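**Student:** So that we are looking at the same thing, I have put the structure below in structure tokens.
The values are calculated or read from the model by the stated rules, or taken from the named source; none is laboratory data. Just so it is clear, the structure is predicted and the values come from calculations on it, not from any experiment. Note that we place each Cβ from the backbone using ideal geometry, even for glycine, and neighbour counts take in every protein chain shown.
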Amino acid sequence: MIHVFVGPTLPASEPVLTAPDVRVLPPARHGDLFDTAIQGGDTVVLIDGVYHQAPALRHKEILAVMGRGAGVIGAASIGALRAAELAPFGMLGVGHIYTAYASGEIDGDDEVAVGQAPDGEFGALTWPLVNVRHALELARSAGVLDGARAAGLLEALRAVYYPQRTWAAVRAVCRRRGETGFVGWLAEQRSQNRHFGDLKRVDALAAVTAALDRAAAPDRPAAPSLVWETAYFRRWSNAFARTCVDGLELSTEDRLVYQQVFDPAFHERWSAYLEHLSQHPADGPAQPLAGQLARVTDGELAADRVFHPTADLRDVGTLTLLLAGESPQDRQAVARYAGAFAQARRSRPGFSAAAVSEEVTRELLLSVWRCPEGEFDAEASARGLVSGAHAVSAAKRLVPGFMEETTWTEAARGGR
């Protein structure tokens, strides 16, 4: 399967994108490469990506998908930039723009940046500098401009902020500099070929073609099986981990937090998980948990107060241990709470988990756990939530849904 992340550079209706086994996806953003549909042996073609309105795709995410056995090709836009940066690690760059980045001829993100239509169609509304450069080079070759005039126009157009570099702005800048001949020539070329000067398009088509050729090659080498694991990457992978259970598409992290908050037996599950990690370490020999604990605390503290691992929610064994007490009703509740949180975000512009009251969340946890204020940190730690502050942060996503379904606030006030 070939997974093509594309938007302004090529329309989804482009014939090359309708080939069998080509999956067309919107511009890539942070988290997209955690998609479990991207498997070993597949090819990812990274062309367009977001960077202004949402977090951009991280380098470690590209390295990780290559480590899972997928090939990654970059071209034309952010794909060319990332390919130039990650070529030493196995990412394949294609096209003129990639070559320019790799050689150091260009180096700015703004070289490929464009303003996009706000209607979800991802159409380009502005001219990227790489296309401006190419059009000026074509004009020089045609004898319309000399080198000095072309360089002057490039600097003038570079000074226009990328979301404002429309065709109208290009014409206005050129006319202000007295280059009406170039404006007329360029308009004529564009009238004959609406893709005239579009170097990004040329490179994007070349990248998809390269992916199709790669898929057709019977003896192409497998991608190296590498692991790119950091604490940051673990948090990212957990945040984007999803599972389909009972016909429900659920955030795996939401499922875990729900159990940490509501399962009265979760202390035992977390203890079993810590013991499991001691017997199956990621590196080094297995060591009994009690022995490790005795060496660092003289037995004065419980294991959960000393060891705070970040669970790998991609690991089946981990999920089996931590979600052992989960019921179908729990999963339905997770789905309802996720829906309530999403509805709150839609109905309240700017709403996020950070906007949920810490005091309200803390009261919710104290009520559900039925623990005194002074034992709040210890209870949170025993449930794998590190501390009361971390527990409050993790539980905030549950609050809108919980408040819709219960009268916990009144019950809490009446009972304490």
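**Student:** What is the residue count in the stretch 23-64 for residues that are aliphatic (A, V, I, L, M) and within 17 Å of residue 211 (Cβ to Cβ)? Break it down stepwise before answering.
**Tutor:** First, pick out the residues of the stretch 23-64 that are aliphatic (A, V, I, L, M): 24-25, 28, 33, 37-38, 44-47, 50, 54, 56-57, 62-64.
Now drop any that are not within 17 Å of residue 211 (Cβ to Cβ), which leaves 24-25, 28, 33, 37-38, 44-47, 62.
Number satisfying all stated conditions: 11.
**Student:** Output the helices (runs of 4 or more DSSP H) that fall wholly within the stretch 227-319 and possess 1 or more residues being among the small types (Gly, Ala, Ser), in contact with an Asp or Glu (Cβ under 9 Å, 6 or more places away or on another chain) and outside the structural domain of residue 382 (by TED's automatic domain parsing), or say none. Steps first, please.
**Tutor:** Details: elements: 231-240, 252-262, 266-279, 289-297, 303-306.
The qualifying helices (runs of 4 or more DSSP H) are 231-240.
Rundown of residues vs (1) surrounded by 19 or more Cβ atoms within 10 Å (Cβ to Cβ); (2) touching an Asp or Glu at 6+ places or on another chain (Cβ under 9 Å); (3) not in a loop (DSSP other than H, G, I, E, B), yes/no style:
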| residue | (1), (2), (3) |
| --- | --- |
| 69 | no, yes, no |
| 85 | no, no, yes |
| 105 | no, no, no |
| 110 | no, no, yes |
| 130 | yes, yes, yes |
| 138 | no, no, yes |
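**Student:** What's the total number of residues in the stretch 27-49 that are in a strand (DSSP E or B) and within 15 Å of the chain's Cα centre (by Cα)?
**Tutor:** Number satisfying all stated conditions: 4.
**Student:** Oh, and also: Can you find a residue that is of a type in the set (Gly, Ala, Ser) and closer than 30 Å to residue 53 by Cα anywhere in the stretch 272-292?
**Tutor:** In the first step, residues of the stretch 272-292 are kept if they are of a type in the set (Gly, Ala, Ser); the result is 272, 278, 282, 284, 286, 290-291.
Then drop every residue that is not closer than 30 Å to residue 53 by Cα, which leaves none.
No, that holds for no residue.
Listed here are the residues, each with its yes/no results for (1) within 22 Å of residue 233 (Cα to Cα); (2) of a type outside the set (Lys, Arg); (3) modelled with pLDDT of 95 or more.
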{"site": "1", "(1), (2), (3)": "no, yes, no"}
{"site": "5", "(1), (2), (3)": "yes, yes, yes"}
{"site": "31", "(1), (2), (3)": "yes, yes, no"}
{"site": "39", "(1), (2), (3)": "yes, yes, no"}
{"site": "53", "(1), (2), (3)": "yes, yes, no"}
{"site": "60", "(1), (2), (3)": "yes, no, no"}
{"site": "71", "(1), (2), (3)": "yes, yes, no"}
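**Student:** Right, something else. When you check residue 358 against the structure, is it in the same structural domain as residue 278 (by TED's automatic domain parsing), surrounded by fewer than 19 Cβ atoms within 10 Å (Cβ to Cβ) and touching a residue at least 12 places away in the same chain (Cβ under 8 Å), yes or no?
**Tutor:** Numbers: in the same structural domain as residue 278 (by TED's automatic domain parsing): yes; surrounded by fewer than 19 Cβ atoms within 10 Å (Cβ to Cβ): yes; touching a residue at least 12 places away in the same chain (Cβ under 8 Å): yes.
So residue 358 fits the description; yes.
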